[in-house]
Amino acid sequence: MRPTGRGVVVALVALCGFASARLFGARSLNAVVVPAACAFVVAALLVARVDRPRVVRGPPADGFPGDERRVSLAVEGDGAVVTVRDDLGSGLDGDATVRSVADGREARYDLVLRERGRHAVGPATVVASDPFGLWRRSFADVDSDEVTVYPAVVPLAIPPRALAAAVGAAGGRSEFEGVREYAPGDPLRDVNWKASAKRPDDYLVTTYAGDGTDGRLVVAVDVSEGGDPGLAAVAAASVVVACLDAGIDVGLRTPAGSLAPAGGVATRRRALELLADLDRASLASGKQESARVVVRADADGVALVVAGVERSADDVLREGPA
């Protein structure tokens, strides 16, 4: 507990008034010193009686670099005027200071997710002050929350199902199943010219029962000495997300953990969390051998091994993992 800059000024004014009273009489003492001294003492008593406030934080949602998030803060206490300042992890940006009242009301501030990884939001420092702003008292809160920043995701240069087929996930053809609109990457031999003639603005391709992929793809990530785990995470996340969005069950193997092939939102989130934790560590060779796609990062850059053929990440990603 200590006086604020304003409190120091009031104290100096009171001292000057006391000195004037000694020189010019008691009227100066009554007019200046007594009100200033009373305000100074009353403010100190008010701040001294403040109970330790409790900060309740609404943690921000996980996201990707560049995403903006809003953090809500509520300070529970005895109604004192407070200033709350959250400590932010190194991968987060924002002005995490809000002024509120310790009566449970909600205040908010915005932050920007900047770097891949897991970053702390909090703990908070709460500074209580009196209504006059003469004294302040600081309280350190111990609770914090965590936000996960996923690696960035860029588009693939080839269709996800074509990537799955290239690594041996394609099934055989059986009987005719139907037609659908042409998508980039579909082979021209599958274009149904007769059906397309009836729709001059669109091309239709023939689909067969059992055609396409078997719906399963395992991606392994290996970061050796000199490799950049951030670039490897971008490449792996781009492949995983594109394949999941295409309806392919995806498994993931990293030094931090593994996921069995599956689909859905939960798999997407868990895969991105694993890649957010990716660090420079080698993956066991056995886990690489059984994976259909291996993302490999070393001192020469990032490459994807697809069906035993090594390709530069720029050949698979439309914009490259920069």
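The values are calculated or read from the model by the stated rules, or taken from the named source; none is laboratory data. Remember, predicted model here, so these are calculated numbers, not experimental data. Cβ: placed from backbone, ideal geometry, glycine included. Neighbour counts: every protein chain shown. When the accessible area is computed, the model is the full protein with side chains, heavy atoms only, and any ligands, DNA or RNA have been set aside. Shrake-Rupley method; radii C 1.70, N 1.55, O 1.52, S 1.80 Å.
Placing a label point 7 Å from the Cα of residue 300 along the Cα-to-Cβ direction, the residues of segment 228-267 whose backbone N falls under 16 Å from that point are 228.
A Förster radius of 51 Å combined with the Cβ-Cβ distance from residue 41 to residue 280 puts the calculated FRET efficiency at roughly 0.25.
What FRET efficiency comes out for the pair residue 85/residue 311, r = Cβ-Cβ distance, R0 = 51 Å, nearest 0.05?
On the way: r = 48 Å, r/R0 = 0.95.
It comes out at approximately 0.60.
The modelled label-to-label distance for the pair residue 1/residue 115, using points 7 Å beyond Cα in the direction of Cβ, is 4.0 nm. Measuring only protein heavy atoms, the 1.4 Å probe finds residue 45 accessible over about 100 Å². Placing dummy labels 7 Å off each Cα toward the beta-carbon, the span from residue 197 to residue 270 is 5.1 nm.
Put a dot 7 Å past the Cα of residue 64, heading toward its Cβ, do the same for residue 78, and the two dots end up 5.0 nm apart.
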